[in-house]
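A short worksheet on the structure shown next.
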Amino acid sequence: MATLTFTTKEPANVTGEALVLGLAAGADRPQLLGAAALPAPVRRALTETVALVGATGAADTVHRVPAVPGVAARSVALTGVGEVTGGPSPEALRRAAGAAVRELAGLARVAVALPAADAASLAAVAEGALLGAYAFTRYRTTPPPARSASSGAPVSAVVVASPIASGAVARTVVRRSRIVGDAVNAVRDLVNTPPVDLYPASFAEQAADAVADLPVTVTVLDERRLARGGYGGLLGVGRGSSRPPRLVQLDYTPDRADVHVALVGKGITFDSGGLSIKPAAGMEAMKSDMAGAAAVLHTVAAVARLGLPARVSGWLALAENMPSGTAQRPSDVLTMRGGHTVEVLNTDAEGRLVLADALVDASEQDPDLIVDVATLTGAQTVALGNRTSAIMSNHDGVRERVHRVSAAAGEQFWPMPLPPELRASMDSRVADIANIGERQGGMLVAGLFLKEFVGTRGGAPDAQQIPWIHLDIAGPAFNTGTAYGYTPVGGTGVAVRTLLALVEDLCSSPTL
């Protein structure tokens, strides 16, 4: 990942191969942001340049031009922040910084001078720059073909210019930004890794390696321990693969923790659909079906690196869903962890099966809150598209809290209901529940299925259910379109920032 440093120098005096300045869209003409910090001759020259190149300031536009006299950098990159009223939002700055650094791939050192006069804006600019400086090159033996000016290795050094770039605030921001950037980019790497190399056992090994230097305990249940423990969902889904399932348990338990959050991630390292096989078109993207587990892993690691005063436990439910002579069949009945039985009517509805086992496990620890995150349903993209994830919950207040912190973190999530009338569509003639139900509202049906496996306070049958959140990130986890803002093609690392912000928010106010 790119190195990150801060400077209080005036933007025009910062050296580098490019100086990034913001441009806001306006009704009459675009406005150069932070123009007051530039010498008058530089300001006039850049204003003329903006008009000459036809820059509009629209979000996700970047124009690189030669440096004008008075600018120490070799060139200037004008990055659009879109229309702003009263100044750009942190997320607009995050996206503008990310788009610029992404487009400047091939350069070594880039200076970013977007408006960042407070901690939130400074953090957004730093995060966006680090997230934009990403490329997955593990399998390349030669550089990618030069398709555009932005082709090349990602920017290796980012300097953020800000009047508050010194002192305790800046040190806190730079530390957290590095940890967030590392976590999101590590998730992207896992999601982009092909399933020939990332399968349940290797994922478990990488999970242990990721937290080896942290105060996080790791327990890995292999297929024998899963069988002894009655994890019928994981074993059923993994039965068709030659590479058996794993359940990885992570636990970060600092002293004086006031809250305990359990994070559960779906980790289907490749989803063929099993015997209910998927169409060939687009199946290559099914290597991303473990994005939830990757997000949980690196959220736990980020929480531990930040030393947050919260106990955070993680469950990575890992399996490969393949068709074979040993694969589970439609009409099979599985006995899940905890004893409930599930009739499998569609083997491509497998994510909820592995999550169910892990949710039962997480409930046994009686945490204050359980959050599962999963690329669970195609119905999520039908309802919300490819950039907005869904929030479902058994607790209205918690659902709204997650919505609030996700917006502050800069991730697009939207609250969705769990209509109780849809539960009857999963009634089974032979088991406690079927793994599919009503097709319309399929995302909500999947959420209702998971809700069945969330335990009660203290495990008492008549007690309240543990507060629980279900995040469906099916579309946003893997970008099959073009890059935008700080989001690359392929794995996006979605949910890490929201999960981390939620833990931080709970540390400040543990009451649910």
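Worth pointing out:
- Check on P510, more than 27 Å from A294 (Cα to Cα), touching a residue at least 24 places away in the same chain (Cβ under 8 Å) and out of contact with any Lys or Arg (no Cβ under 7 Å at 6 or more places or on another chain): no
- In region 270-292, the count of residues that are under 30 Å from L512 (Cβ atoms), surrounded by fewer than 21 Cβ atoms within 10 Å (Cβ to Cβ) and of a type outside the set (D, E) is zero.
- Of all the criteria given as (1) under 20 Å from the mean Cα position of the chain (by Cα); (2) assigned to a helix (DSSP H, G or I); (3) more than 30 Å from V344 (Cα to Cα), the one not satisfied by A204 is (3).
- Checklist (1) assigned to a loop (DSSP other than H, G, I, E, B); (2) free of Cβ contacts under 8 Å to residues at least 60 places away in the same chain; (3) within 30 Å of S406 (Cβ to Cβ) applied to D60, failing item: (2)
- Filtered residue count, region 133-163, keeping only those that are modelled with pLDDT of 85 or more and touching an Asp or Glu at 6+ places or on another chain (Cβ under 8 Å): 3
- Region 116-128, residues that are in contact with a Leu (Cβ under 7 Å, 6 or more places away or on another chain) and either at pLDDT 95 or above or closer than 15 Å to Y486 by Cα (or both): S121, A124, V125, A126, G128
- Condition met for D357 (in contact with an Asp or Glu (Cβ under 8 Å, 6 or more places away or on another chain), touching a residue at least 40 places away in the same chain (Cβ under 8 Å), over 26 Å from A501 (Cβ atoms) and of a type outside the set (A, V, I, L, M, F, W, C)): no
- Residue check for S331: over 30 Å from R176 (Cβ atoms), surrounded by 17 or more Cβ atoms within 10 Å (Cβ to Cβ) and touching a residue at least 12 places away in the same chain (Cβ under 8 Å): no
- For region 356-381, the set of residues classified as among the acidic types (D, E) and in a helix (DSSP H, G or I) consists of D357, D361, E364, listed by residue number.
- Verdict on V14 being closer than 18 Å to L130 by Cα and either surrounded by fewer than 17 Cβ atoms within 10 Å (Cβ to Cβ) or not small (G, A, S) (or both): no
- Unique match (being of a type in the set (G, A, S), under 18 Å from L78 (Cβ atoms) and surrounded by fewer than 24 Cβ atoms within 10 Å (Cβ to Cβ)) among A105, A129, A120, A99: A105
- Checking each residue in region 67-94 for being within 14 Å of A25 (Cβ to Cβ) and in contact with an Asp or Glu (Cβ under 7 Å, 6 or more places away or on another chain) picks out only G80.
- Residue within region 181-191 that is at pLDDT 95 or above, in contact with a Ser or Thr (Cβ under 6 Å, 6 or more places away or on another chain) and outside the structural domain of P330 (by TED's automatic domain parsing) present: yes
- Here D189 fits the description: assigned to a helix (DSSP H, G or I) and of a type in the set (D, E).
The values are calculated or read from the model by the stated rules, or taken from the named source; none is laboratory data. Everything numeric in this text was worked out from a predicted model, so none of it was measured. Cβ atoms come from the backbone with ideal geometry, glycine included; neighbour counts cover every protein chain shown.
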